[in-house]
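Trainee: Once you've had a glance at the structure underneath, I'll fire off some questions.
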Amino acid sequence: MQKRKRVLVKFSGEALSGNNGFGIDTSILKFIADEIKSLVTHGIEVGIVIGGGNIIRGVSAAKDGIIKRTSGDYMGMLATVINSVAMQEALEHVGMEVRVQSAIKMEAICETFIVRRAQRHFEKERIVIFAAGTGNPFFTTDTAATLRAIEIGADMIIKATKVDGVYDKDPNKFLDAQKLSELTYERAMDDSIKVMDDTSIALAKDNNLPIVVCNMFEKGNLLKIIEGNLENCSIVKNK
């Protein structure tokens, strides 16, 4: 029997807000839910991590010193739980079985993260959404996504963004920005590239976990990537 592919998809919280710049745009939730459903119907096991930047970012909340960084980060973790519950609702609306697992205990809302339980959900063809980051301040949801991907034995982590890959400089600011179809982990840690934070990339490197960066708003793109079509994305891996 052929082993089923397992992936972890990381969405930014900001992407959920659409043109509003804050909150949750339900039309985007529906679009993402349909894209994830297409993966499951093709026999792919899916884990999800969503950021909380559409509600609050810990670093930003703590920038003027009124809110401590640790408190700001915990507020950010709670924001990811809100987004995860919203995503769960959207996926269930399109007929998917979903579980939210939080790194912080909140039994009235979702399960507590236990890797063996998550593995069991995948075996039952359920989608698992990992909320509340790592449960610790000073770590980003990028790091949480990479950590969870490694813990569940994912074949790759897909960072779904608003652009079609990684560029040598910001394509929104520089007309001569060049897309990098493939790059090493070391190149990805270059300050001008900013694929993910250095901790998450270092984790991926140590565990030989490929990172794929793609446009989340291109219909069918996630499935194409997982099936091996890497034309509309960038991949970070060993040489």
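Trainee: Looking only at residues that are in contact (Cβ under 8 Å) with a residue 60 or more places away in the chain and assigned to a loop (DSSP other than H, G, I, E, B) in segment 93-109, which one is farthest from Ala131 (Cα to Cα)?
Mentor: Filtering segment 93-109 for residues that are in contact (Cβ under 8 Å) with a residue 60 or more places away in the chain and assigned to a loop (DSSP other than H, G, I, E, B), the one farthest from Ala131 (Cα to Cα) comes out as Val94.
Trainee: Where in segment 1-92 are there helices (runs of 4 or more DSSP H), lying wholly inside it, with at least 3 residues that are among the charged types (D, E, K, R)?
Mentor: 26-41
Trainee: State yes or no: is Glu227 surrounded by fewer than 16 Cβ atoms within 10 Å (Cβ to Cβ) and either within 17 Å of the chain's Cα centre (by Cα) or at pLDDT 90 or above (or both)?
Mentor: The answer is yes for Glu227.
Trainee: Mind telling me which of the residues Thr70, Thr41 ends up being more than 26 Å from Phe217 (Cα to Cα) and of a type in the set (Val, Ile, Thr)?
Mentor: Exactly one residue qualifies, and that residue is Thr70.
Trainee: Can I ask one more? Does Ser200 satisfy the criteria of being under 16 Å from Ser234 (Cβ atoms), of a type in the set (S, T, N, Q) and surrounded by 14 or more Cβ atoms within 10 Å (Cβ to Cβ)?
Mentor: Considered against the rule, which asks whether it is under 16 Å from Ser234 (Cβ atoms), of a type in the set (S, T, N, Q) and surrounded by 14 or more Cβ atoms within 10 Å (Cβ to Cβ), Ser200 comes out as yes.
Trainee: Continuing with the same structure: Could you grab me the full set of residues in segment 123-156 that are part of a loop (DSSP other than H, G, I, E, B) and either of a type in the set (Val, Ile, Thr) or in contact with a strand residue (DSSP E or B) (Cβ under 7 Å, 6 or more places away or on another chain) (or both)?
Mentor: Of everything in segment 123-156, those that are part of a loop (DSSP other than H, G, I, E, B) and either of a type in the set (Val, Ile, Thr) or in contact with a strand residue (DSSP E or B) (Cβ under 7 Å, 6 or more places away or on another chain) (or both) turn out to be Arg126, Ala132, Thr134, Thr140, Ile152, Gly153, Ala154, Asp155.
Trainee: Six or more apart or on different chains, Cβ under 6 Å: which pairs go from a residue in segment 166-185 that's surrounded by fewer than 16 Cβ atoms within 10 Å (Cβ to Cβ) to one that's acidic (Asp, Glu)? Could you list them?
Mentor: Pairs found: Gln178/Asp168.
Trainee: Could you list, in sequence order, the residues of segment 87-103 that are surrounded by fewer than 17 Cβ atoms within 10 Å (Cβ to Cβ) and either touching a strand residue (DSSP E or B) at 6+ places or on another chain (Cβ under 9 Å) or within 20 Å of Ile55 (Cβ to Cβ) (or both)?
Mentor: Passing the criteria: Glu89, Glu92, Glu97.
Trainee: Now for a separate question. Pick from Lys159, Lys205: which is out of contact with any Ser or Thr (no Cβ under 6 Å at 6 or more places or on another chain), outside any loop (DSSP other than H, G, I, E, B), crowded, with 16+ Cβ neighbours inside 10 Å and without any contact (Cβ under 8 Å) to a residue 40 or more places away in the chain?
Mentor: Within the list Lys159, Lys205, the selection yields Lys205.
Trainee: Let me ask another. Just wondering, is there one or more residues in segment 169-188 that are touching a Leu at 6+ places or on another chain (Cβ under 7 Å), outside any loop (DSSP other than H, G, I, E, B), over 25 Å from Leu29 (Cβ atoms) and not aromatic (Phe, Trp, Tyr)?
Mentor: no
Trainee: Among all residue pairs at least 6 apart or on different chains, which show Cβ distances below 8 Å where the first residue, located in segment 21-36, is closer than 16 Å to Ser84 by Cα and hydroxyl-bearing (Ser, Thr, Tyr) and the second is surrounded by 14 or more Cβ atoms within 10 Å (Cβ to Cβ) and at pLDDT below 95?
Mentor: That search, which allows pairs on different chains as well, returns Ser27/Gly18.
Trainee: Now a separate question. Which numbered condition in (1) buried (at least 19 other Cβ atoms within 10 Å of the Cβ); (2) touching a helix residue (DSSP H, G or I) at 6+ places or on another chain (Cβ under 9 Å); (3) within 27 Å of Lys124 (Cβ to Cβ) is the only one that Ser12 fails?
Mentor: (3)
The values are calculated or read from the model by the stated rules, or taken from the named source; none is laboratory data. None of these values were measured; they are calculated from a predicted model. Cβ atoms come from the backbone with ideal geometry, glycine included; neighbour counts cover every protein chain shown.
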